[in-house]
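Engineer: The structure that follows is given in the form of structure tokens.
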Amino acid sequence: MQLPNDPQLLLKRRTFLSSAGVGLGSMALSSLAGKDASAAEASKSLYPALSGLPHFAAKAKRVIFLCMAGGPSHLETFDYKPKLEEMHGKPMPTSFTEGQPIAQLQGQSLKCQGPLTKFKKYGKNGQEISDFLPYHAKMADDICIIKSMVTEQINHDPAHTFMNTGTAISGRPSMGSWFTYGLGSESENLPGFVVLTSTGGRNPQPIASRQWGTGFLPSRYQGVQFNSSGDPVDYVRSPKGISLEQQKQLITTINKLNSHRNEKVQNPEIATRIAAYEMAFRMQTSVPELMDFSDETQETLDMYGAKPGDGSYASNCLLARRLAERDVRFIHLYHRGWDHHGGLVNYMNICSKLTDQPTWALLTDLKQRGMLEDTLIVWGGEFGRTPMFQGKGGAGRDHHIKGFSMWMAGGGIKPGISYGATDELGYNSVENIVHVRDLHATMLHQLGIDHNRFNVKFQGLDMRLTGVEGANVIKEIVA
Amino acid sequence: MHWQRQFLHPMLKAFDAPSREECTAQRSVSNTPNAALTLLNDPTFNEAARKLAERILEHGGDTDDSKLDYVFRLAFSRVPDQTERELLTAFLKTNKEYFSGDPKHAVELLSVGQAPVNGKLDKTELATWTATVRALLNTSEAITRN
């Protein structure tokens, strides 16, 4: 029996209709994109920049986002509230809490919980930093502390989704995907968006791979998670008996078969797969080299407190610097362990011990190498914690979204300042309020993108990272 | 497939499988270099390629063309077109040279996985076809339904 060769003959009516839709759509798209598409194809890079981007001269080339997953307490890190200390043990005034979203403290009597540590002032401008973070104290003159963050989601997963995509609706692109999609990646041998996770502290909350998904952007811009212990990427070695040259020939043949197939079926996922296989081959040599810390001095390893291959936040910070050196566009670290509903002092000690020094080391190391000026570092959780007491095993705090702290450094952000403020009890952001969308707008701005002009058409809407409700670049913190 | 919550199987992780720590209404599309590396280099897939190569040598007829027809029907429910035939014939040729150049390579590749090797088959020939099946099973057409 002779089987038909032409896949068109194999198409059923329904498949035909749906693929015809895509086909017409992609014809329209490519004629709209016109020159852009061919320019992109001409580029050697697997992750070319969109034409017309950046919109203006960028201050920063890359982002390192240090996500303290679980939600660190602003009241024990950067936001000192003497009034809360005074009110300790007294009922929280209902004028603050009435009608407000509450997570686990629902239906319970709300009492004030004073700061569980001491604060001191550091640096030229007297930045207030808690005793939990002695290494942050050393970089008081390098970081810009934003004390007036607000978000819209009070539970971990949707709050991460909100922080990453600007909305709580699942399925939108993560900011790392947006940046890589817009600006491309200059790294020839590594993905443009890399994710690393570590754990340590109280009740590590799950982080789903959705958090680095591309949503409606092409799937090649999806974050690639590296293992933080063992081999960073599984299966980077060819099977036994296959030389690198043979492997290269294999991948060339696979890609030729795929592009030949794609001439007929025109599926953008095949184009992504061709890019993925090309990158996979490059990673077979670049990843072992990336992970080989033998070219780091003992001094550097000690500075981070990193033991190669231990999967710690410290090792991830060192890896982040190595990724930054290799021109990876967006490096996203998650440290899971900041969900301090109870035993806050104990767990703050644990989390601070694991993250404080390595964070300082990363910033200092980048600075020493002259890379801090074009690397934007962002530190923070998905939300903050309540001024009210929660007692799940010793004093702790519940989730809180109306006011919390984050910091930014490098990449053209004014160093050594604090911006914004919460009220006297640390409940509501009241001065120079910074919404997550404003944070995104500012990050985009530092990388040369006007967030209002960075749209992608999807389902009849002009989608953007900063949404439609309006967002502002925080001009006051831009150097 | 073995599932363990605390340690996700590396292959599943490469395809962004949920950790099962929470519900997942919709899986994210996973089309990454990590997934490519898994399909290329995970012993499971290389073992599968070898077993399919054994079938080709046993049932695929005497010529390269008839073998290609046979494996295309199994993998894609169609026969190769002219371009595919030329690409794969060239690929077969260089692989045959590679594996007959150093018999150690063939022995090593065939040792991947736990399934016993069909000892009746010529090792160079089997390694050459194993390599070819690796190429076919890594195409989009083989990996996805669409």
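The values are calculated or read from the model by the stated rules, or taken from the named source; none is laboratory data. Since the model is a prediction, treat every value here as computed from it, not as a measurement. Note that each Cβ is placed from the backbone with ideal geometry, even for glycine, and that neighbours are counted across all protein chains shown. These area figures cover heavy atoms from the full protein model, side chains too; ligands, DNA and RNA do not enter into them. Shrake-Rupley method; radii C 1.70, N 1.55, O 1.52, S 1.80 Å.
Engineer: When you look at the Cβ of every residue in B:128-140, what mean number of other chain Cβ atoms sits within 10 Å?
Structural biologist: The mean count of partner-chain Cβ atoms within 10 Å per residue comes to 5.
Engineer: Also, I was wondering about something else. Cα to Cα, under 17 Å, and not fewer than 8 places away if on the same chain: which aspartates and glutamates meet these conditions relative to A:Lys264?
Structural biologist: Output for A:Lys264: A:Asp6, B:Asp81, B:Glu84, B:Glu141.
Engineer: Here's another thing I want to ask about it. When the C-alpha atoms of region A:214-306 are aligned to their principal axes, what extent does each axis show, in angstrom, from largest down?
Structural biologist: 56, 39, 17
Engineer: Could you pull the accessible area for A:Thr180 with a 1.4 Å probe, rounded to 10 Å²?
Structural biologist: 0 Å²
Engineer: Using the alpha carbons of chain B, what is the convex hull volume per residue in cubic angstrom, as a whole number?
Structural biologist: Convex hull of Cα atoms, per residue: 132 Å³.
Engineer: Further, regarding this structure: List the lysines whose Cα sits under 21 Å from the Cα of B:Lys123, skipping any in the same chain fewer than 8 residues away.
Structural biologist: Cross-link targets: A:Lys240, B:Lys51, B:Lys67, B:Lys93, B:Lys96, B:Lys104.
Engineer: So, counting K/R as plus one and D/E as minus one, what does the shell of residues with Cβ under 13 Å around B:Ala14 add up to?
Structural biologist: -3
Engineer: Rolling a 1.4 Å sphere over the protein heavy atoms, what is the accessible area per residue of region B:1-51, to the nearest Å²?
Structural biologist: Roughly 54 Å² per residue, with all protein chains present.
Engineer: From the phi angles alone, apply the Karplus equation (6.51, -1.76, 1.60; θ = phi - 60°) to region A:207-216 and give each ³J(HN,Hα) in whole Hz, x where the residue is Gly or Pro.
Structural biologist: 10, 7, 5, 3, 5, 10, x, 9, x, 8
Engineer: May I ask you to evaluate 6.51 cos²θ - 1.76 cosθ + 1.60, the Karplus curve with θ = phi - 60°, for each residue of region B:109-121 and list the ³J(HN,Hα) values in order in whole Hz, giving x for glycine and proline?
Structural biologist: Per-residue couplings from phi come out as 4, 6, 7, 5, x, 9, 5, x, 7, 5, x, 6, 8 Hz.
Engineer: Another question, if that's okay. Work out the FRET efficiency for A:Asp450 and A:Ala168 from their Cβ-Cβ distance, taking R0 = 25 Å, and round it to the nearest 0.05.
Structural biologist: Working from the Cβ atoms, E equals 0.50.
Engineer: How many square angstrom of accessible surface are buried between A and B, both sides summed, with a 1.4 Å probe and rounding to 100?
Structural biologist: Protein heavy atoms only, the A-B interface buries about 4700 Å².
Engineer: Helix-derived [θ] at 222 nm for chain A: sum -39500 (n - 2.57) over DSSP H runs of at least 4, divide by residue count, nearest 500?
Structural biologist: -11000 deg cm²/dmol
Engineer: What's the center-to-center distance, using Cα atoms, between region A:404-468 and region A:124-145 in Å?
Structural biologist: The distance from the Cα centre of region A:404-468 to that of region A:124-145 comes to 21 Å.
Engineer: For the protein assembly as shown, count the residues as N, evaluate 2.2 N^0.38 Å, and divide the Cα radius of gyration by that value, please.
Structural biologist: Dividing the Cα radius of gyration by 2.2 N^0.38 Å gives 1.07.
Engineer: For region B:75-137, what number results from the quotient of the Cα radius of gyration and 2.2 N^0.38 Å?
Structural biologist: My calculation over the Cα atoms of region B:75-137 gives 1.20.
Engineer: Moving to a separate point now. Can you list the residues, at least 5 places off or on another chain, whose amide H is less than 5 Å from the amide H of A:Ile474, using H built in the peptide plane?
Structural biologist: Residues meeting the criterion, in which the H sits 1.01 Å from N, are A:Thr442.
Engineer: How far apart, in nm, are the 7 Å Cα→Cβ label points at B:Ser100 and A:Asn155?
Structural biologist: Taking the two extended label points, one gets 6.5 nm.
Engineer: What is the distance in Å between the Cα centroid of region A:152-204 and that of region B:1-59?
Structural biologist: 23 Å
Engineer: If amide hydrogens are placed 1.01 Å from N in the peptide plane, which non-local residues have theirs closer than 5 Å to the one on A:Ile413?
Structural biologist: Close amide H contacts, sequence-distant or interchain: A:Ala479.
Engineer: Can you put A:Phe119, B:Phe99 in order of accessible area, largest first, using a 1.4 Å probe?
Structural biologist: A:Phe119, B:Phe99
Engineer: For region A:392-479, list log₁₀ I(q)/I(0) at each q in 0.13, 0.15, 0.17 Å⁻¹, using the Debye formula over Cα point scatterers of equal strength and ignoring solvent, two decimals each.
Structural biologist: -0.55, -0.69, -0.82
Engineer: Which value, in debye to the nearest 20, describes the size of the charge dipole of the protein assembly as shown about its Cα centre when Lys and Arg Cβ atoms bear +1, Asp and Glu Cβ atoms bear -1, and nothing else is charged?
Structural biologist: 820 debye
Engineer: I've got another one for you. What does the charge count near A:Asp398 come to, summing +1 for each Lys or Arg and -1 for each Asp or Glu among other residues with Cβ under 15 Å from its Cβ?
Structural biologist: So the environment of A:Asp398 carries a net charge of +3.
Engineer: Can you list the HN-Hα couplings for region A:118-128, worked out from phi with the Karplus curve (6.51, -1.76, 1.60; θ = phi - 60°), rounded to whole Hz and with x for Gly and Pro?
Structural biologist: Listing the rounded values in order: 9, 10, 9, 9, 10, x, 4, 9, x, 6, 7 Hz.
Engineer: Extending each Cα 7 Å along its Cβ direction at B:Lys120 and B:Arg85, get the distance between those two points in nm, one decimal.
Structural biologist: Distance between the two pseudo-spin positions: 2.9 nm.
Engineer: Something else about it: On the principal axes of its Cα set, how long, how wide and how thick is region B:22-102? Give whole Å, largest value first.
Structural biologist: Each principal axis gives a Cα extent; for region B:22-102 these are 53, 33, 25 Å.
Engineer: Now a separate question. Let's test the formula: R0 of 30 Å, r as the Cβ-Cβ distance of A:Lys264 and A:Arg237. What FRET efficiency results, to the nearest 0.05?
Structural biologist: Between A:Lys264 and A:Arg237 the formula returns 0.35.
Engineer: Quick one: which residues, 5+ away or cross-chain, put their amide H under 5 Å from the amide H of A:His400? H built at 1.01 Å from N.
Structural biologist: Distant-sequence amide H within range of A:His400: A:Gly384, A:Arg385, A:Thr386.
Engineer: When Rg is the radius of gyration of the Cα atoms in region A:60-212 and Rh is its Kirkwood radius, what does Rg/Rh come to?
Structural biologist: With Rg and the Kirkwood Rh in hand, the quotient comes to 1.01.
Engineer: Which of the aspartates and glutamates could a cross-linker span from A:Lys138 if the Cα-Cα distance has to be under 19 Å and same-chain partners fewer than 8 positions apart are dropped?
Structural biologist: A:Glu76, A:Asp79, A:Glu128, A:Glu299, A:Asp302, A:Asp356, A:Asp365, A:Glu373
Engineer: Starting from the Cα-Cα distance between A:Asp131 and A:Asn203, subtract it from 0.36 nm times their residue separation and give me the gain in nm to one decimal.
Structural biologist: Contour length minus Cα-Cα distance gives 23.6 nm.
Engineer: Also: Among residues other than A:Asn455 whose Cβ falls under 11 Å from its Cβ, what is the net charge (Lys/Arg +1, Asp/Glu -1)?
Structural biologist: Every neighbour counted, the sum reads +1.
Engineer: While we're on this one: Please report the base-10 log of the normalised intensity I(q)/I(0) for region A:308-407, using a Debye sum with one equal scatterer per alpha carbon and no solvent, at each q in 0.11, 0.23 (1/Å).
Structural biologist: -0.41, -1.20
Engineer: Cα axis of helix A:244-265 to longest principal axis of chain A: angle in degrees, 0 to 90, nearest 10?
Structural biologist: Once rounded, the angle reads 80 degrees.
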